[in-house]
Structure formats: structure tokens, C-alpha cells
Amino acid sequence: MIHILDKHSCCGCEACVQTCPKHCISFEEDEEGFRYPEVDGTSCIDCGLCEKVCPVLHQAESINPLHVYAAKNKCEEELMASSSGGLFILIAKKIISEGGVVFGAKFNEKWEVEHAYAETEEGLKAFMGSKYVQSRIGNCYKETKTFLQSGRKVLFTGTSCQIAGLKNFLGKDFENLLTVDFICHGVPSPKVWRKYLEEMKDKARRAKNSVSFHSILSSRKAMPSDGEGWSIEGISFRDKRLGWKKFSFVLTLAESSEEGKQNTVSFSRMHREDSYMRLFLSDLILRPSCYQCPAKGGKSQSDLTIADFWGIEKIYPDFYDERGVGLLMVNTKKGVAMVMKECCKMAEMTLEESTLMNTPYYYSTKEPAKRPSFWLLFHSEMKLDKISRKLLTSSLLIRLKRRVGRLMKKKKGK
Ligand SMILES: Cc1cc2nc3c(=O)[nH]c(=O)nc-3n(C[C@H](O)[C@H](O)[C@H](O)COP(=O)(O)OP(=O)(O)OC[C@H]3O[C@@H](n4cnc5c(N)ncnc54)[C@H](O)[C@@H]3O)c2cc1C
Ligand code: SF4
Ligand code: SF4
Ligand code: SF4
């Protein structure tokens, strides 16, 4: 039976939970907010199925992509609403048009991230855009199996370890299954995310008239209020209005006034200035397994891998686009059939070129030495803004040294 001794060795895919014939595995959140399996030994029959499907214990061989492209969706609206090159929506729409089902990650009514499925184009909208929080798989592997067995086409999208978990769970190839993963540098803690949202609502309550907030007109429908006056109306981790590389984190909150009207404020910060994004990008709040990822470099055996084509401006400047450029790896023959040159501008590249600035394709993120300090401060109830300033702002002396170094380099260059 599954017994997690080292948290680096469980990516939280939930394949074990969905496989257990005795339903004796529960999934419990730890003090960092990541969920792990716990077996009720009294009901376990020691069948070993939970171990058999685990993508950490049973890792597949790496496969090399057959083709690699720089690619961008030709539809301006779809490209702008997507995080990278707008490739997910093209693939997903094709599956829906063929009567298929699409699985992906979306926000639930509490703005937590979870996997779900859609059977209409309208339903796909919720999956668009990266959500930088670990998603809960729930029963999605079981549901996928049911759809596949009924003959429906299924597109399953997710992190590489979620795809690896699904493949082990299914235990055999299905001709009607297409899988898409993305280059993944790690998933942050749902508990930190919840704390961040609470702090932002608190900020809105205290500082709604301050200069850091500005009212905007929002077209999105308000989500149900959480009863504290402020409710979240929309979240974008990758707002591209300032550009793909200069993406912003945008949180839209709504307040019900006495007249019942909604006062909407939108809080927008460049990713480098937002405390949650800073903590995520500095790798302090990732799941432990992401520092020893079991599914890198083609090990997920997904049909397609999508990502940002970071560095395209250096390799192929004419292809650069401020609205986003995607990277498409076609890993299998099934994937070849999904290359849609009519909806997408594409240029064939080599694997080396496309991963030059995207090393998370091959390598796990290095576990930061300051990670334990983060969790100590987090559990001491310190605010995330303060923690990120404390741990991530280099001291005045270091900044001065760096500036002098840069000046010296410039002088030498002249
Ligand atoms: C946690 C995380 C880390 C990432 N790390 C990198 C990286 O290091 N390098 C890189 O090039 N790209 C990375 N990406 C991928 C990138 O952000 C884009 O999602 C990807 O390029 C697809 O973009 P798109 O424009 O085609 O589609 P989009 O519409 O932007 O993406 C939608 C797709 O992402 C899936 N998705 C969104 N959030 C999650 C989630 N939390 N868990 C599982 N699936 C999710 C949806 O189900 C859907 O399939 C990461 C994404 C996530 C969620
Ligand atoms: S060994 Fe079998 S019964 Fe026991 S927890 Fe694992 S899957 Fe369930
Ligand atoms: S990696 Fe997945 S299958 Fe393995 S123990 Fe963790 S949740 Fe279970
Ligand atoms: S880095 Fe690896 S272990 Fe972590 S979420 Fe991504 S695919 Fe899974």
C-alpha cells in the first residue's frame, strides 16, 4: 500500500485514490496546503494497485518530440485571452467539434483550482489561461475512463505528472484519447493562494480609495459574495495588455453597496511586483515533488506539449509577437493530426532552439535554501507582502554592489 515517507515522492495526482477498490485512501491537506494520500489500514486488502498506478514509483521512458514549432493562434481575441500562443483553445475546439469531451483546470466558486470537463465551446473558456495553483484532479481520471469506454473522444490537459498519472491509471492506450501537457516549472500551494486572496480582500476593504486601486468597468459576471462585502469577480495570472513578457496579475473585486449596486475595483500589478507571483516565481511555494519531478523531458508521454516560446526574439526575431508566442511539441503520431496550420502561424524549430530558454522541460526546479524560512514566517501569520519583502528583497549593500558591477562592465565595454 501507498505510504508517503518523503513528500518529494508524491506529486498529488490522485491516481492511487481513484484506483483503490476498497475506497480506503483519503486525500488530506498538510500544513503547507498540499494534499497527500492516507490509507485506512483496517480496510486495505494489500492488493498493491495504488502502488502500480503511481507515476513516481512507475516512471515511463522519455520520448523525443517528432516535431517542434513556434506557433501562435491567428485569432487575436483567443491569443489575447490565452497565456502563451493560444494553442490550447485551438486543440480543444477541434475535439469539441468532433463530439468529444475536454478536461482542464478551472476556478471553482471559491476561486480554488480544480479539474473538470466541458462538452461545449462555451465551457472551454473556463479552462483558458494558466492558473498558478495546484489543481485538484478529483474523479477526473475515472470520468475520463468512462467517456473513453463509451467511445467518445477525450482531450485531457494538465501538468506532466497529471498526464503520467492518468496513463498509469488507465493502464492501456485508447485510440480516442489525446493528451496535452505543458512545460511545467512547478505548482504552488493552494493554502498560500487562499491566504493571498484573503489578504487582497482585506486590502480592498481598508484601502479602496487609495492610489493602488482604480475602478474599472468589468464585463464579467460577479461570483457569489463570500458574505464579507467583497467578492472576487475575475482573476488573470497572465494579463497581456502590457505585453506577453510584461504580463500582469489582475484581480477584480466587487463590493455590494447599500443601494445594492456593485462597486468594482481591479487590482493589477506587473508579475514581478505582486507578492504571490514573486513567491511563485522564486520557487519558494512549490510542491516538494516539483523539486524532483517524475515526468520531465517527455516522460509524461503526452501527445502534445505546449509552452511559452521564451527567447523567440533572439532565435527568430521576425516571429516575435507582443501578444504571445507558443511552443508546440508534437510527441506522437496522434499529435501530428492536431497540427492546425490553417488556424495558426507556425515555424518549425529544433528541440535545442526551443528549450534554450525553457530548461524546465528537462530539469526540475532547484529547491531554494530559503524554503523552510518561508514556511516558518507563513505559519507565524506574517502577511505575504511582508514575507516576500523580507525574503526576496536583496539588501541595499548587495544592490549597490550589483550596480557598481554593472557600471564597471559598461566602462570596460566602451
Ligand atoms: C503551474 C504552471 C507552470 C507552468 N510553467 C511553465 C514553464 O515553466 N514554462 C513554460 O513555457 N510554460 C509553463 N506553463 C504553461 C504556460 O503558462 C501555458 O499554460 C501554456 O503555454 C499554454 O498556453 P496556451 O496559450 O496555449 O493556453 P492557455 O489557455 O493559456 O492554457 C490553458 C491550459 O492550461 C491548463 N491549466 C491552467 N492552469 C492549470 C493548472 N493549475 N494545472 C493544470 N493545468 C492547468 C488548462 O487546463 C488548459 O489546458 C505553466 C503553466 C502552469 C499552470
Ligand atoms: S493496497 Fe489496494 S486496498 Fe490497499 S490502499 Fe492500496 S489500492 Fe487500496
Ligand atoms: S503520486 Fe499520485 S499515485 Fe503516487 S502516491 Fe501521490 S497521489 Fe498517489
Ligand atoms: S513540476 Fe513536475 S511534479 Fe511539479 S506539478 Fe509540474 S509536472 Fe508535476
Sort out for me the Cα centre separation of region 97-116 from region 277-291, rounded to whole Å.
-> 23 Å
What pairs from K201/K386; K125/K195; K110/K142; K94/K341; K195/K383; K153/K333 go past 18 Å between their alpha carbons?
-> K125/K195; K110/K142
First select every other residue whose beta carbon is under 13 angstrom from the beta carbon of K333; then total the charges, Lys and Arg +1, Asp and Glu -1.
-> -2
Would you look at the GNM of the chain, springs on alpha carbons closer than 10 Å, and say which of G138, G99, G85 moves the most?
-> G99
What shape does region 29-74 have by the C-alpha gyration tensor, where a ≥ b ≥ c are the square roots of the eigenvalues, rounded means a/c under 1.5, and otherwise prolate means a/b greater than b/c and oblate the rest?
-> oblate
Measure off 7 Å from each Cα along the Cα-to-Cβ vector at K110 and K93, then give the distance between these two points in nanometres to one decimal.
-> 3.5 nm
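When the gyration tensor of region 278-377 is built from Cα positions, what are the square roots of 5 times its three eigenvalues, in whole Å, from largest to smallest? Intermediate results must be reported in sequence, preceding the final value.
Working: eigenvalues 185, 62, 25 Å².
They are 30, 18, 11 Å, listed largest first.
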Where the centre of each part is set by its Cα atoms, how far does region 1-44 sit from region 358-373, in angstrom?
-> 24 Å
One finds, for E31 and M80 with R0 = 30 angstrom and r their Cβ-Cβ distance, a FRET efficiency to the nearest 0.05 of 0.15
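Can you give the FRET efficiency to the nearest 0.05 for K125 and S380, using r as the Cβ-Cβ distance and R₀ = 30 Å? Before the final figure, lay out each step's value.
Working: r = 40 Å, r/R0 = 1.32.
Computed FRET efficiency for K125 and S380 comes out at 0.15.
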By the gyration tensor of its Cα atoms, with a ≥ b ≥ c the square roots of the eigenvalues, what is the shape of the chain: rounded for a/c under 1.5, prolate for a/b over b/c, or oblate?
-> rounded
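Estimate the FRET efficiency between H58 and N176 by the formula 1/(1 + (r/R0)^6), using the beta-carbon distance for r and 22 Å for R0, to the nearest 0.05. Present the calculation step by step, with values, prior to reporting the outcome.
Numbers: r = 24 Å, r/R0 = 1.07.
It comes to 0.40.
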If you bin the C-alpha pair distances of region 7-52 every 10 Å from 0, what whole percents do you get?
-> 27, 54, 18, 0
Percent of beta bridges antiparallel (DSSP, region 38-176, rounded to nearest 5) | 60 percent
Along the dipole axis of the chain (charges at Cβ: +1 for Lys and Arg, -1 for Asp and Glu; origin at the Cα centre), the most positive-end residue among Y276, G138, C10 is Y276
Would you mind computing, in nm to one decimal, how far apart the modelled labels at R389 and S9 are, each placed 7 Å from Cα along Cα→Cβ?
-> 4.2 nm
Put a dot 7 Å past each Cα toward the Cβ at H67 and D40; how far apart are the dots in nm?
-> 5.1 nm
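Arranged from highest to lowest average of other beta-carbon atoms within 10 Å per residue, in what order do the peptides 34-45, 273-284 appear?
On the way: 34-45: 14.9, 273-284: 20.8.
Packing proxy ranking, top to bottom: 273-284, 34-45.
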Helical contribution to [θ] at 222 nm, DSSP H n ≥ 4, -39,500 (n - 2.57), averaged over the chain, rounded to 500 = -8000 deg cm²/dmol
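Read-outs: derived from the displayed coordinates by stated rules, not from any lab. Worth saying up front: this structure is predicted, and the values here are computed from it rather than measured. Cβ atoms come from the backbone with ideal geometry, glycine included; neighbour counts cover every protein chain shown.
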